[in-house]
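The values are calculated or read from the model by the stated rules, or taken from the named source; none is laboratory data. In this text the structure is predicted, and so the values were computed from the model without any measurement.
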Amino acid sequence: MPKRIIKSVSDLFGVLSNPIRLHILILLNEGEKDVKEIHEKLGISSSNVSQHLAILRAHHLVDIRNEGTHVFYKLHNDKVIDIIREAIRFLELEFSEAEELKSVIGKLGI
């Protein structure tokens, strides 16, 4: 396999390894949201949310839609949720906290 592909996959997992970015993607799986809504749901500052969204956008994981001065974020491709689902399924097999993981799986619509 070409090294550039391995590097790209590694970069993707690096982006997904951050719990806040992962949570943002899961929230966006529910539908389009603005920074304020994400900030309120996660309980972190709007500037922190914006920084994570910029990283997600730079890696083509989220898109934006402008409505006047309002900016809305959505998943670029919902296939990233498939990666998250598979990771959760893997963890479900590996760990005894299966009930908590099943709750997360339920929220992702698996």
Candidate set: segment 67-110, residues that are under 18 Å from GLY31 (Cα atoms) and in a loop (DSSP other than H, G, I, E, B); chosen: the one modelled with the highest pLDDT: HIS76
Whichever residue in segment 26-62 is hydrophobic (A, V, I, L, M, F, W, C) and not in a helix (DSSP H, G or I) and, among such residues, is farthest from ILE81 (Cα to Cα): ILE44
